[in-house]
Amino acid sequence: MEMEMQDEAYSDSLLKNLQDQDAVAIVGIIVAVVVVILTILFLKIFWGSKSTKSAVLLVGLCDSGKTLIFNRLLTGKFKRTQTSMADNSAFYRPHNDTGSGWTLIDLPGHESLRPQYIEKFKSAARAIVFVVDSASFQKEVRDVAELLYSLLTDSVIARNAPTLLVTCNKQDITMAKSAKLIQQQLEKELNTLRVTRSAALSSQDGSTGDASVYLGKKGKDFDFSQVSMRVEFLECSSRSSKGDEGEADIENLEKCLAKLS
């Protein structure tokens with residue numbers, strides 16, 4: 001009888017030890033799996049953030065001169081263009097630059113097409129060349145500001161913080177507005193848009209939306225120094241004042257793009 005009790009106690013002890021070892025092994029496996037998953041996620045985010053931001057996007061309203069700037073950057077030559085109905089893309093490396101270069105992408109300016117192409121390429125943007133028609137800016141300021149507002153408040157763009165190059169094109173035209181004036185007017189218009197958009201969203205559902213971020217700093221009038229990305233205003237002319245065959249003045253833009261290397 002005593003021997004049976006000893007055998008039973010030994011069996012219980014052995015079973016308990018095995019169960020404890022199994023529990024430790026299971027915990028070890030779970031920890032190892034979690035570590036592997038976290039490592040994969042970290043590497044994906046770390047390397048993805050470096051490798052996918054390899055595009056320079058040309059964005060703007062119709063007839064702002066995006067496509068001609070695209071052609072000038074690539075070939076240096078004038079080429080007659082028409083309203084783009086799809087994106088144009090090509091490899092681009094700044095002059096005298098030995099870096100890896102980027103994919104230059106000209107997005108359609110038509111309002112019915114533009115949002116879907118911005119959505120498609122925004123995650124890859126290393127820089128956004130925001131092209132403004134300086135000659136017709138005064139009558140288009142509202143539309144220009146609305147497009148710029150949608151970019152600056154986009155959560156993906158705000159998180160990735162690509163360089164924003166506000167390119168004030170068509171400076172060869174006499175009535176063209178200067179980059180400084182365009183910046184000042186855009187800041188005022190964006191400040192107004194921020195108030196009206198925030199009020200409209202709040203009245204609808206009591207929130208400001210999950211897909212957008214607040215523009216600038218609360219309680220302060222908006223200016224471009226408040227955004228997460230580096231913003232530069234520059235002047236250029238994709239067409240020459242001497243005619244189609246004349247030299248374009250895009251040197252300022254080329255210098256800014258060279259800084260991205």
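The values are calculated or read from the model by the stated rules, or taken from the named source; none is laboratory data. This is a predicted model, so every value here is computed, not measured. Cβ placement follows ideal geometry from the backbone for every residue including glycine, while neighbour counts extend to all protein chains displayed.
Overview of values
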item	result
The one condition in (1) in contact with a Phe, Trp or Tyr (Cβ under 6 Å, 6 or more places away or on another chain); (2) more than 22 Å from E235 (Cα to Cα) that T153 fails to fulfil	(1)
Scan of the stretch 116-136 for residues that are under 13 Å from the mean Cα position of the chain (by Cα) and under 21 Å from C62 (Cβ atoms), ordered by number	Y117, I118, E119, K120, F121, K122, A125, I128, V129, F130
The lone exception for V144 - which of (1) surrounded by 22 or more Cβ atoms within 10 Å (Cβ to Cβ); (2) within 19 Å of S240 (Cβ to Cβ) it fails	(2)
Selection from the stretch 165-175 of residues that are surrounded by fewer than 23 Cβ atoms within 10 Å (Cβ to Cβ) and either out of contact with any Ser or Thr (no Cβ under 6 Å at 6 or more places or on another chain) or under 9 Å from S228 (Cα atoms) (or both)	V166, I173, T174, M175
Residue list for the stretch 199-223, filter: out of contact with any Gly (no Cβ under 9 Å at 6 or more places or on another chain) and modelled with pLDDT of 75 or more	S212, V213, Y214, L215, G216, K217, K218, G219, K220, D221
Residue list for the stretch 168-192, filter: of a type outside the set (A, V, I, L, M) and in contact with an Asp or Glu (Cβ under 8 Å, 6 or more places away or on another chain)	C168, N169, K170, Q171, D172, S178, E187, N191
Qualifying residue in the stretch 88-101 (condition: surrounded by fewer than 17 Cβ atoms within 10 Å (Cβ to Cβ), closer than 20 Å to F233 by Cβ and either in the same structural domain as S178 (by the TED database) or within 17 Å of the chain's Cα centre (by Cα) (or both))	no
Any hit, the stretch 117-130, residues being farther than 18 Å from A258 by Cβ, surrounded by fewer than 18 Cβ atoms within 10 Å (Cβ to Cβ), of a type in the set (V, I, T) and in the same structural domain as E235 (by the TED database)	no
Selection status of I157, within 18 Å of F224 (Cα to Cα) and surrounded by 22 or more Cβ atoms within 10 Å (Cβ to Cβ)	yes
